[in-house]
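Just passing along the structure, written as C-alpha cells.
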Amino acid sequence: MDLPKYYFRVRENGAFVFRVDTENRDRRIEMVQIAAVNIRNGEIKPQGDKVLTDADLEQIKAWMAERAEILARRDIDDILRTVDHLNLTAHWAQTRASEAQLEAVTDALLLAMHDLRGVLVRKKAERLMKDRKD
C-alpha cells in the first residue's frame, strides 16, 4: 500500500503538516511534523528547526489551494441549508408550533432575519452601484 508523502491534520484555521515515512528499518509508519499552516493568512511556519524543501512547500501550497476551495464550497452549501431551514421553520411556525414555542423563538428569529435582510440589501445595492459604474 502506497501512503501519501504528507499528512495534513486539519485544525480550525489551517493544519499541521506531517511528513509520512515508511522507509525505516522497523517498517512502521512515522509521521514527523514539519510545519503549521494558516489558511486565513497564507502563513507556513516550519516546525522547530525543520527546513522545508521546495517539494514540501509545493505540496503544502497545493493543499492550501485545494482546502480553500473546499471551504468555499462548504460555505455556500451551509447557506443553502440555511435557506432550507428557514423554509422548514416557516412551515413549522404556520402548521405545528404552539403559542409557547412561537413565544420562545419569535424575537430571536425576527432580529436575526432583520439583521440578515439589512446586510443582504446593503450588499445588493453595493453590487448594483458597482455594476453601474463599470
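The values are calculated or read from the model by the stated rules, or taken from the named source; none is laboratory data. Since the structure is predicted, the reported quantities are computational estimates derived from the model, not experimental observations. Positions of Cβ are generated from backbone atoms using ideal geometry, with glycine treated the same way; all protein chains shown enter the neighbour counts.
Conditions: (1) surrounded by 10 or more Cβ atoms within 10 Å (Cβ to Cβ); (2) assigned by TED's automatic domain parsing to the domain that holds V10; (3) of a type in the set (A, V, I, L, M, F, W, C). L111 meets all but one. Number of the miss?
Going through (1) surrounded by 10 or more Cβ atoms within 10 Å (Cβ to Cβ); (2) assigned by TED's automatic domain parsing to the domain that holds V10; (3) of a type in the set (A, V, I, L, M, F, W, C) one by one, L111 breaks only (2).
Looking only at strands (runs of 3 or more DSSP E) that fall completely inside segment 1-43, which ones have 3 or more residues that are surrounded by 12 or more Cβ atoms within 10 Å (Cβ to Cβ) and not assigned by TED's automatic domain parsing to the domain that holds R67?
Numbers: elements: 6-11, 14-21, 30-38.
Once the strands (runs of 3 or more DSSP E) in segment 1-43 are filtered for at least 3 residues that are surrounded by 12 or more Cβ atoms within 10 Å (Cβ to Cβ) and not assigned by TED's automatic domain parsing to the domain that holds R67, nothing remains.
Every residue, every condition in (1) exposed (fewer than 11 other Cβ atoms within 10 Å of the Cβ); (2) in a helix (DSSP H, G or I); (3) touching a strand residue (DSSP E or B) at 6+ places or on another chain (Cβ under 6 Å), yes or no:
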residue	(1), (2), (3)
G48	yes, no, no
V51	yes, no, no
L57	no, yes, no
W63	no, yes, yes
A72	yes, yes, no
I79	yes, yes, no
V83	yes, yes, no
T89	no, yes, no
Q94	yes, yes, no
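Quick one: which of E58, E69 is of a type outside the set (A, V, I, L, M), within 15 Å of V37 (Cα to Cα) and out of contact with any Asp or Glu (no Cβ under 9 Å at 6 or more places or on another chain)? Steps first, answer last, please.
Numbers: E69 fails: within 15 Å of V37 (Cα to Cα).
Of the residues listed, the single one that is of a type outside the set (A, V, I, L, M), within 15 Å of V37 (Cα to Cα) and out of contact with any Asp or Glu (no Cβ under 9 Å at 6 or more places or on another chain) is E58.
Here is a further query. Output the qualifying pairs, or none if there are none: Cβ atoms under 6 angstrom, residues six or more apart or on different chains, first residue in segment 97-109 and more than 21 Å from V83 (Cα to Cα), second residue not in a helix (DSSP H, G or I).
none
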